[in-house]
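Let me begin by presenting the structure, written as structure tokens, before commenting on it.
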């Protein structure tokens, strides 16, 4: 007897979802850099007044914490990357995010045409038992994978499962 043909759809290869790229568009990065430069400029100009002010320990700690949060967010806007494959979606950030596709119960792709320079496209994921996650993306291949996922995560998970079952059934002898 011959083996049954592969029942998985033609769009099921792992490359169907495999993509990686920056999480934020370059214009968002440029805008963040411009805002950081302005903050630094005005901070230097006000340095004399800030130094002359009598700061309490709590106020100084709060200011340092605020500056640290701003610097960390800026760093991760520049460095953050989003990766999607047939198994999971992940994004590097101060706290890395990773969600397995089998846990995805709902996916909503948010893309505002002609405004991606200001509003980074994103995928909002609701996962079973873990809440909601937001993944930003700027790379066109990642955006296409997000669009595919938002059209039907159940279909994609079935695709991955059927390929796995086909691979395991190929190891069995034909009867």
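Derivation of every value follows stated rules applied to the coordinates shown; laboratory data play no part. Here the structure is a predicted model, which is why all the values come from computation and not from measurement. A quick note on method: Cβ atoms are made from the backbone with ideal geometry, for glycine too, and the neighbour counts reach across all protein chains shown.
List the equivalent ellipsoid semi-axes of the stretch 61-134 in whole Å, largest first, each obtained as the square root of 5λ for an eigenvalue λ of the Cα gyration tensor. Spell out each step's value before the answer.
Details: eigenvalues 134, 59, 27 Å².
Over the Cα atoms of the stretch 61-134, the ellipsoid semi-axes are 26, 17, 12 Å.
Most tightly packed first, judged by the mean number of other beta-carbon atoms within 10 Å of their residues, the peptides 51-60, 70-79 read 70-79, 51-60.
Ordering 103, 90 from the fewest to the most neighbouring beta carbons within 10 Å gives 103, 90. Tell me, what is the FRET efficiency for residue 38 and residue 124 to the nearest 0.05, using R0 = 35 angstrom and their Cβ-Cβ distance as r? Efficiency, rounded to the nearest 0.05: 0.70.
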